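Below is one structure, written out as structure tokens, with a few remarks after it.
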Amino acid sequence: MMQNKWLGRAMPYLTVLTMLVVWELICIVFAIPSFVLPRPSVVAVSLYQNFNTIWFHAERTLVTTLLGFGLAVIVGVVLGIVVGSSQLVYQGLYPVLVGFNSVPKVALVPLMVVWFGIGTVPAVLTAFMLSFFPIAVNIATGIATLEPELQDVLRSLGASRLDIISRVGLPRSLPYFFASLKISITLAFVGSVISETLASDRGIGTLVEQASANFKIPLVFAGLVVVATLGIAMYAIFAYIEKRMTHWATRTVEFGIGG
Amino acid sequence: MASEKFVEIADVSLHFSGPQGTLAVEHLDMSVAAGELAAVVGPSGCGKSSLMKLVAGLVPPTRGTIEVGGVAVKGPLKVVGMAFQNPTLLPWRSTMENLMLPLQIVRPYRTRFKADLPQHEANARRLLERVGLGGFEDRFPWQLSGGMQQRASLCRALIHKPSLLMLDEPFGALDAFTREDLWDVLQAMWMAEKFTTILVTHDLHEAVYLADTVHVMSARPGKIVSTYRVDLPRPRNPETPFLAEFTDLVHTLREQIRKERAAAL
């Protein structure tokens, strides 16, 4: 058991390491030039050499992503509550939301550049548009799937709709909410990087775009590694908060039911 | 026991989805005296749960009137405690916090909730003690057995001192031994407080063991086809079901329900 536990902890690192080794070997064996596919070691060197430049861009990406994500949390929660607690709103809004979510956000970036100019705002908004949907859907599901009997108990006590949502609906949807945060934060990164690639003067997207135009392929990969690392870090933070806040949803039964 | 009527149901019909929809109950007449423990039995799908919702004011009747405590029921009543087959405790709240839920919602308790909290907790502790859950205040529902959850659910239904307790097959999901324990728990609490109680059940032994009167409902659309008084002495105990009077009444009820089911086919 102990061995398994340590092995489990080490697995993510072992997996990454194995992939890097295989990648390195493939590049060497097939003599792939580094302007096509750089070896991981070359990427690492590029990352080290250009760290200040990369960080200059990564900082901006992190800020725009978090801004867009924060906006998504606020809008997603409010929208989720409204959609989840009213059948009529649900019926009216759901097709619209699904339709909106199906629109490729890349296509909206030029539009936002027209409206807000090149820079941070389109990136924040793209991050927001890509990441609010899972949050809204999950909050709505948590609220809409409230047991009818529990609703009867609460209504027979004179509970208002607001009481039911605040006392039961929201706490009940917390596990769904945290699950959606983990998905949304990674989507927010995708959104801001897409927007930066198309229209920005700073950010990992911009860096990647410029580096590939100049055939600095190792730098492209170095930038992507940084985005991936940031994404993993954010994911881990929310996974940790989730574990602390909703231990009751991932419980282990201490002693059985019945009897 | 006061013979004053506390719940009065007069010629009530309920259609689902409009006057042309399914009839859940039709021409239903029933009354429950203040402090009485009334049981409603009937074939499955006869509209017993609809009856509960009607009395609690959760659904308005299509026809007829319902009065509780001399006042016509127009919306959800605030004097009702409810418990169901499913204990419906909140998993993120401890047993104590679950018991506090009604007090955070019902007026006038909610306005003084913080100030009165120590007193509420003392009451809750006493109630939990009575149902044999003393010392489990800080456990979460998922750490309790099914029977213990149902006990806690019963306490939650009683914490705000409701004048009407409505139970919808509260012991239906429990094993026989736990069920019989809880009959005695309910009986003891009822004898101490004499809250008016409507118990919906399909267990005829349960109905006769607990109730002062047993109402038999017909198959859907449900109406009360007969009412029996149970004059067995209180407190009833595990020996009571072996009395001739008890078994005779269970036989009569069973025969009645068999007829109702046959008539529905």
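Brief remarks follow.
- Figure legend. Inter-residue proximity from segment A:194-205: first residues free of Cβ contacts under 8 Å to residues at least 40 places away in the same chain, second residues surrounded by fewer than 24 Cβ atoms within 10 Å (Cβ to Cβ) and not small (G, A, S), beta-carbon distance below 8 Å, spacing 6+ or different chains. Indicated pairs: A:T197/A:T206; A:T197/A:V208; A:T197/A:E209.
- Tally, over segment A:59-84, of residues that are over 11 Å from A:S192 (Cβ atoms) and of a type in the set (A, V, I, L, M, F, W, C): 11
- Some residue of segment B:215-232 being in a helix (DSSP H, G or I), touching a residue at least 40 places away in the same chain (Cβ under 8 Å), surrounded by 13 or more Cβ atoms within 10 Å (Cβ to Cβ) and touching a helix residue (DSSP H, G or I) at 6+ places or on another chain (Cβ under 8 Å): no
- Within segment A:95-127, considering residues that are outside any helix (DSSP H, G or I) and not small (G, A, S), the one surrounded by the fewest Cβ atoms within 10 Å (Cβ to Cβ): A:P104
- Top-ranked residue of segment A:210-259 - restricted to ones that are on the phi > 0 side of the Ramachandran plot and within 14 Å of chain B (Cβ to nearest Cβ), ranked as modelled with the lowest pLDDT: A:G259
- Selection status of A:L157, surrounded by 24 or more Cβ atoms within 10 Å (Cβ to Cβ) and assigned to a loop (DSSP other than H, G, I, E, B): yes
- Note on segment B:96-149: residues that are within 21 Å of the chain's Cα centre (by Cα) and among the hydrophobic types (A, V, I, L, M, F, W, C) amount to 12.
- B:L253 modelled with pLDDT of 90 or more, in a helix (DSSP H, G or I) and closer than 23 Å to B:R179 by Cβ: yes
- Scanning segment A:45-62 for residues that are over 25 Å from the mean Cα position of the chain (by Cα) and in a helix (DSSP H, G or I), we see that the one that is surrounded by the most Cβ atoms within 10 Å (Cβ to Cβ) is A:S46.
- Selection within segment B:54-113 - part of a strand (DSSP E or B), surrounded by 21 or more Cβ atoms within 10 Å (Cβ to Cβ) and more than 9 Å from chain A (Cβ to nearest Cβ): B:I66, B:V68
Results for (1) away from every other protein chain (no Cβ under 12 Å); (2) without any contact (Cβ under 8 Å) to a residue 40 or more places away in the chain; (3) closer than 18 Å to B:N98 by Cα; (4) of a type in the set (K, R), shown as yes or no for each residue.
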site	(1), (2), (3), (4)
A:L146	no, yes, yes, no
A:Q151	no, yes, yes, no
A:L162	no, yes, no, no
A:V168	no, yes, yes, no
A:P171	no, yes, yes, no
A:Y176	yes, yes, no, no
A:A179	yes, no, no, no
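- Cβ pairs under 9 Å, 6+ apart, first in segment B:183-206 and surrounded by fewer than 17 Cβ atoms within 10 Å (Cβ to Cβ), second among the polar types (S, T, N, Q): B:D184/B:N237; B:H202/B:S44
- Of the strands (runs of 3 or more DSSP E) lying entirely inside segment B:1-47, those containing at least 1 residues that are at pLDDT 85 or above and surrounded by fewer than 17 Cβ atoms within 10 Å (Cβ to Cβ) span B:5-15, B:23-33.
- Members of segment B:136-157 that are away from chain A (no Cβ under 12 Å) and modelled with pLDDT under 90: none
- Close contacts from segment B:126-142, counting a first residue that is closer than 17 Å to B:M100 by Cβ and a second that is part of a loop (DSSP other than H, G, I, E, B) and of a type in the set (S, T, Y), with Cβ to Cβ under 6 Å and a gap of 6+ residues or different chains, come to B:D138/B:S94; B:F140/B:S94.
- Of all the residues in segment B:114-161, those that are assigned to a loop (DSSP other than H, G, I, E, B) and either loosely packed, with under 13 Cβ neighbours inside 10 Å or not hydrophobic (A, V, I, L, M, F, W, C) (or both) number 9.
The values are calculated or read from the model by the stated rules, or taken from the named source; none is laboratory data. Keep in mind it's a predicted model, so treat the numbers as computed, not measured. Cβ sites come from the backbone with ideal geometry, for glycine too, and all protein chains shown count toward neighbours.
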